[in-house]
Amino acid sequence: MGSCFSAIRIKAESPPRDGLNSKNGSIEEKVLSGLSSKVSSRSMLISPQTEGEILLSTNLKNFSFIELRTATRNFRPDSVVGEGGFGSVFKGWIDEQTLEPTKPGTGLVIAVKRLNQESTQGHIEWLTEINYLGQLDHPNLVKLIGHSLEDDHRILVYEFLTKGSLDNHLFRRASYVRPLSWDVRMNIALDAAKGLAFLHSEEVDVIYRDFKTSNILLDSNYHAKLSDFGLAKDGPEGDKSHVSTRIMGTFGYAAPEYIATGHLTKKSDVYSFGVVLLEIMSGKRALDKNRPTGEHNLVDWAKPLLVSKRKISQVMDSRLDGQYPSREAMKVAALAIKCLSAEQKFRPTMDEVVRSLEQLKDSEDITASGVEKSQDHGNSSRSNRNGSKQHRRSNNESLNGEGSTNQTPSSASPIHT
Ligand SMILES: Nc1ncnc2c1ncn2[C@@H]1O[C@H](COP(=O)(O)OP(=O)(O)O)[C@@H](O)[C@H]1O
Ligand SMILES: [Mg+2]
């Protein structure tokens with residue numbers, strides 16, 4: 001169970017919604033504030049201008065409220081698999097072909113995110129998520145299947161990721177949660193880095209803005225996918241160095257210069273990646289006021305320890321039980337420190353982060369076997385930084401990522417206050 005100090009969402013004024021017709025999703029005249037309005041020849045993303053255009057520009061299913069009520073057995077409280085800042089996420093079942101609701105336990109398992117009805121900001125986030133996830137396709141991004149907007153009910157339907165979010169695996173101390181091994185942690189870091197690198201690539205050019213462990217989901221094989229695109233933003237236009245935004249995100253993860261100025265860059269995501277890397281190494285939350293004085297902020301506490309080879313072990317998760325190669329821990333510590341550089345220009349790009357983590361795996365493979373193993377580390381989620389077209393979503397795409405499963409869902413993650 002998460003402490004209420006662990007992740008506090010930075011609140012900001014909601015942008016105006018004049019002219020939005022949230023009742024029927026019809027095409028609106030008004031350009032949505034807070035959403036992409038960039039038309040870029042190099043970007044693979046279409047940049048719809050209105051709510052209606054966004055909903056029409058994807059191949060997502062438009063579910064009725066009744067269909068989703070049936071699929072989730074009337075949004076049964078015991079099928080809640082997560083709580084986020086803007087609502088609850090339920091487990092449900094639909095037919096793989098027709099996408100009609102099915103009997104629980106049969107067909108395709110889905111995650112149904114129902115946004116709090118009173119949340120105005122929620123509407124913008126609902127649309128933003130449809131805009132980005134509806135168009136993007138990558139093995140390290142969660143697949144959005146559909147949406148629903150009826151009266152004030154705003155819902156998103158995703159593939160269900162059996163192992164839930166990374167925060168539950170790292171921070172839960174319940175006896176039934178097995179600690180993640182070092183190798184699994186490094187694979188997760190690499191998968192998540194690939195997801196971010198894909199977003200940052202020239203052809204996608206998106207800043208994720210809310211990179212944190214509760215937004216990293218794990219499938220049955222512990223492959224990681226990024227979810228929750230409600231705060232994502234197009235990268236800066238032309239020669240601009242940053243996007244000016246209202247400050248949104250989560251304390252403990254947001255880059256200091258972004259909090260200070262509202263200037264958002266891809267390097268803000270890199271900083272957040274550094275925080276998550278520290279959480280992965282240490283099994284400690286970015287912020288936790290239940291820790292002793294001086295240790296509340298993970299970055300402030302861990303950074304001085306990580307620069308000293310002898311002290312790195314003090315940062316490492318005791319649940320690893322010393323089962324990690326210290327040379328690797330040192331390299332990951334050095335990478336985290338680079339990502340957390342106060343000055344953006346000293347932070348690596350996400351492509352560089354991916355390369356560093358891949359090299360780590362390569363050297364690990366060499367050490368383990370004495371000979372270099374295949375370049376594909378049993379992870380089919382290798383990102384392709386060249387072929388942008390293949391990341392577009394197509395009509396015929398199978399939604400059967402996880403298939404049906406009997407796994408117990410992860411329970412609620414911390415509610416952002
Ligand atoms: N596709 C999914 N499969 C399994 N669990 C999910 C899925 N999507 C969300 N969850 C769970 O619900 C939590 C909140 O979801 P998220 O999309 O981050 O919502 P919010 O926008 O409210 O933060 C996640 O941390 C995770 O535990
Ligand atoms: Mg979230």
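The values are calculated or read from the model by the stated rules, or taken from the named source; none is laboratory data. Since we're looking at a predicted model, the values are computed, not measured. Because the Cβ atoms are built from the backbone with ideal geometry, glycine has one as well, and the counts that use them run over all protein chains shown. SASA here: full protein model, heavy atoms, side chains in, ligands and nucleic acids out. Shrake-Rupley method; radii C 1.70, N 1.55, O 1.52, S 1.80 Å.
Think of each Lys and Arg Cβ as +1 and each Asp and Glu Cβ as -1; about the Cα centre, that makes the dipole of region 256-368 roughly 360 debye.
Assuming charge only on the beta carbon of Lys and Arg (+1) and of Asp and Glu (-1), the dipole of region 96-149 about its Cα centre is about 140 debye to the nearest 20. Length gained on full extension, His153 to Asn74, computed as 0.36 nm times the residue gap minus the Cα-Cα distance: 27.1 nm. Taking the 1.4 Å solvent-accessible surface of region 220-295 as the whole, the part contributed by carbon and sulfur is 50%. Candidate cross-link partners of Lys331 among the aspartates and glutamates, defined by an alpha-carbon separation under 17 Å and a same-chain spacing of 8 or more, comprise Asp183, Glu279, Asp317, Asp351, Glu352, Glu358, Asp362, Glu364, Asp365.
Accessible area per residue for region 153-220, computed on protein heavy atoms with a 1.4 Å probe, is 24 Å². What separates the Cα centres of region 57-108 and region 299-351 is a distance of 40 Å. Here the dipole of region 143-280 is about 580 debye; that uses its Cα centre as origin and unit charges on the Cβ of Lys and Arg (positive) and Asp and Glu (negative).
Heavy-atom accessible surface of Leu180, to the nearest 10 Å², is about 10 Å², with a 1.4 Å probe and all protein chains retained. Note on Thr98: accessible area approximately 80 square angstrom, rounded to 10, probe 1.4 Å, nucleic acids and ligands left out.
Taking amide H as placed 1.01 Å from N in the peptide plane, Val177 has no amide H partner under 5 Å among residues 5 or more places away or on another chain.
A simple count of charges around Asp300, restricted to other residues whose Cβ falls under 15 Å of its Cβ and scoring Lys, Arg +1 and Asp, Glu -1, yields +3. Applied to region 136-141, the Karplus parametrisation 6.51 cos²θ - 1.76 cosθ + 1.60 on θ = phi - 60° returns per-residue 3J(HN,Hα) values of 8, 9, 7, x, 9, 10 Hz, with x for Gly and Pro.
Projected label points at Lys289 and Asp239, each 7 Å from Cα along the beta carbon direction, are separated by 4.7 nanometres. Ordering Arg69, Arg291, Arg178 by accessible surface, largest first, gives Arg178, Arg69, Arg291; the 1.4 Å probe counts only protein heavy atoms, with every chain in place.
Which percentage, to the nearest 5, of the DSSP beta bridges contained in region 36-174 is antiparallel?
Numbers: 24 of 26 bridges.
If I count the DSSP bridges inside region 36-174, around 90 percent turn out antiparallel.
Ordering Trp126, Trp301 by accessible surface, largest first, gives Trp301, Trp126; the 1.4 Å probe counts only protein heavy atoms, with every chain in place. Net charge of the neighbourhood of Asp167, taken over other residues with C-beta under 11 Å away and scored Lys/Arg +1, Asp/Glu -1, is +2.
Accessible surface computed residue by residue for region 241-292, with neighbouring protein chains in place and a 1.4 Å probe, gives 31 Å² per residue.
Please report, as a whole percent, how much of the solvent-accessible surface of region 139-216 comes from carbon and sulfur atoms (probe radius 1.4 Å). For region 139-216, the apolar C and S fraction of the accessible surface comes to 46 percent.
Less than 5 angstrom separates the built amide H of Val206 from those of His200, Ser201, Gly235, all sequence-distant by 5 or more or on a different chain. Computed over protein heavy atoms with a 1.4 Å probe, the accessible surface of region 69-114 works out to 44 Å² per residue. Working from Cα pairs under 8 Å separated by at least six residues, relative contact order for region 252-317 is 26 percent.
Spin-label model, Ser181/Asp321: points 7 Å from Cα along the beta carbon direction are separated by 1.2 nm.
When Lys and Arg each count +1 and Asp and Glu each count -1, what net charge do the other residues less than 14 Å away from Val80, Cβ to Cβ, add up to?
Values: positive: Arg73, Arg76, Lys91, Lys113, Arg114; negative: Asp78, Glu83.
Neighbour charge sum, excluding Val80 itself: +3.
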